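One structure is given below, encoded as structure tokens.
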Amino acid sequence: MSETIRKHYHDDEFDAKEFLNTHFSPDKTSIIEESLGFPTRIIHELASTGQLKGDKLLDISMGSILYQLFSVSNNFKEIYVVQMNDDSFTHFKQWMDKDNKANDWSHAAKRVCHLEGNRQGWKEKEDQLRKEIKGVYKWDNHETNGLDPEVVPQVDFVLSLWIINAISKTKEDFQRNLERFTSRLKLGGQVLLFVVLNMTFHKVGNHRYFMLTLDETELQELIIKAGFAIEKSSVITAVEPSDNVDYSHLSFVLARKVKGA
């Protein structure tokens, strides 16, 4: 079967299960220490040192990934999740409901428990997260902000992994989408972004999906233009070869909202 390019993963057919197996399965991907290990270490460090603050957190990440939420489950009382497409929404809800069809995230929960000094077992960590997730919403691309202000509460923190490049065709789209992602973020609240750099595609099955190409300077300029002051950032070089992605670096940026509603 020939490979096809999809411009936006949330506009075309998207196999959430295959996406997770391709990029986040410890048994099936060579880039697990970059796709999952890097964010897990950074979020744990920020969370354990008190750099992530607030009561309510909103997560808008790619596919139905949830490993990033294990490390923040000790810091936030309420967690809200936004999914971009129907298949990702379904898979996330399956995990919430302990459905036997749900994706297995035990390897991620065990990793976080190890970083935290094994204060609790991985099953307890998963159950703790389920209790703290107070809402799972579907993104509405027809809404001005993508999030219904009468449904999604204001939050103190927004966490987003790997997704803004996937839904943005241009730099202007990236800035606009960041503003939409953080429309429910309080002034003075924080956003933590994980973004791939110098990337053009990622593969799911036989399909190649479009990714907006940005370098580190462009990324930081767009974050500032969106009304944020950067508090901390870092970049790592890709070291694991993979036919499924073509990024050169991965980055994170922690920023505070200083402008906007």
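The values are calculated or read from the model by the stated rules, or taken from the named source; none is laboratory data. Every value quoted in this text rests on a predicted model; they were computed, and no experiment measured them. Every residue, glycine as well, gets a Cβ built from its backbone with ideal geometry; the counts of neighbours run over all protein chains shown.
Only residues that are closer than 25 Å to Thr182 by Cβ and either crowded, with 22+ Cβ neighbours inside 10 Å or charged (D, E, K, R) (or both) were counted across the stretch 93-107, and they come to 1.
Which of the following residues is over 23 Å from Val253 (Cα atoms), surrounded by 20 or more Cβ atoms within 10 Å (Cβ to Cβ) and in contact with a helix residue (DSSP H, G or I) (Cβ under 6 Å, 6 or more places away or on another chain): Lys138, Lys125?
Values: Lys138 fails: surrounded by 20 or more Cβ atoms within 10 Å (Cβ to Cβ).
The unique qualifying residue is Lys125.
Considering the stretch 72-104 alone, what residues qualify as being of a type in the set (A, V, I, L, M, F, W, C) and either part of a helix (DSSP H, G or I) or under 17 Å from Asp55 (Cα atoms) (or both)? Answer for the stretch 72-104, where residues must be of a type in the set (A, V, I, L, M, F, W, C) and either part of a helix (DSSP H, G or I) or under 17 Å from Asp55 (Cα atoms) (or both): Val72, Phe76, Ile79, Val81, Phe89, Phe92, Trp95, Met96. Filtered by the rule that a residue be of a type in the set (Ser, Thr, Tyr) and either free of Cβ contacts under 8 Å to residues at least 60 places away in the same chain or assigned to a strand (DSSP E or B) (or both), the stretch 55-71 gives Ser64, Tyr67, Ser71. Just one of (1) modelled with pLDDT under 75; (2) small (Gly, Ala, Ser); (3) surrounded by 19 or more Cβ atoms within 10 Å (Cβ to Cβ) fails for Ser2. It is (3).
Just to be sure before I move on: is Lys171 modelled with pLDDT of 95 or more, surrounded by fewer than 17 Cβ atoms within 10 Å (Cβ to Cβ), charged (D, E, K, R) and within 26 Å of Ala47 (Cα to Cα) in the structure I sent?
Numbers: modelled with pLDDT of 95 or more: yes; surrounded by fewer than 17 Cβ atoms within 10 Å (Cβ to Cβ): yes; charged (D, E, K, R): yes; within 26 Å of Ala47 (Cα to Cα): no.
Answer is no for this residue.
Picking from residues in the stretch 225-247 that are among the β-branched types (Val, Ile, Thr) and in a strand (DSSP E or B), the one that is surrounded by the fewest Cβ atoms within 10 Å (Cβ to Cβ) is Thr237. Residues in the stretch 43-80 that are of a type in the set (A, V, I, L, M) and over 12 Å from the mean Cα position of the chain (by Cα): Leu46, Ala47, Leu52, Leu57, Val72, Ile79. Test Asp27 against the criterion of being of a type in the set (Asp, Glu) and in a strand (DSSP E or B), and give yes or no. No.
Among the residues of the stretch 177-216 satisfying the criterion of being of a type in the set (Val, Ile, Thr) and over 22 Å from Ile43 (Cα atoms), which is modelled with the lowest pLDDT? Break it down stepwise before answering.
Kept after step one, since they are of a type in the set (Val, Ile, Thr), are these residues of the stretch 177-216: 182, 191, 195-196, 200, 204, 213.
Now restrict to residues that are over 22 Å from Ile43 (Cα atoms): 200, 204, 213.
Numbers: Thr200: 92, Val204: 87, Thr213: 96.
By that ranking, first place goes to Val204.
Listed here are the residues, each with its yes/no results for (1) in contact with a strand residue (DSSP E or B) (Cβ under 9 Å, 6 or more places away or on another chain); (2) among the charged types (D, E, K, R); (3) at negative phi; (4) at pLDDT 90 or above.
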| position | (1), (2), (3), (4) |
| --- | --- |
| Leu52 | yes, no, yes, yes |
| Asp59 | yes, yes, yes, yes |
| Lys110 | no, yes, yes, yes |
| Cys113 | no, no, yes, yes |
| Glu116 | no, yes, yes, yes |
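In the set Leu222, Leu212, Leu250, only one residue is in a strand (DSSP E or B), touching a helix residue (DSSP H, G or I) at 6+ places or on another chain (Cβ under 7 Å) and surrounded by 15 or more Cβ atoms within 10 Å (Cβ to Cβ); that residue is Leu250. Would you be able to say whether some residue in the stretch 131-147 is under 26 Å from Leu187 (Cα atoms) and assigned to a helix (DSSP H, G or I)? Scanning the stretch 131-147, I find at least one residue that is under 26 Å from Leu187 (Cα atoms) and assigned to a helix (DSSP H, G or I), so the answer is yes. When the stretch 231-251 is examined, which residues are found to be within 18 Å of the chain's Cα centre (by Cα) and without any contact (Cβ under 8 Å) to a residue 60 or more places away in the chain? Ser233, Val235, Tyr247, His249, Ser251, listed by residue number.
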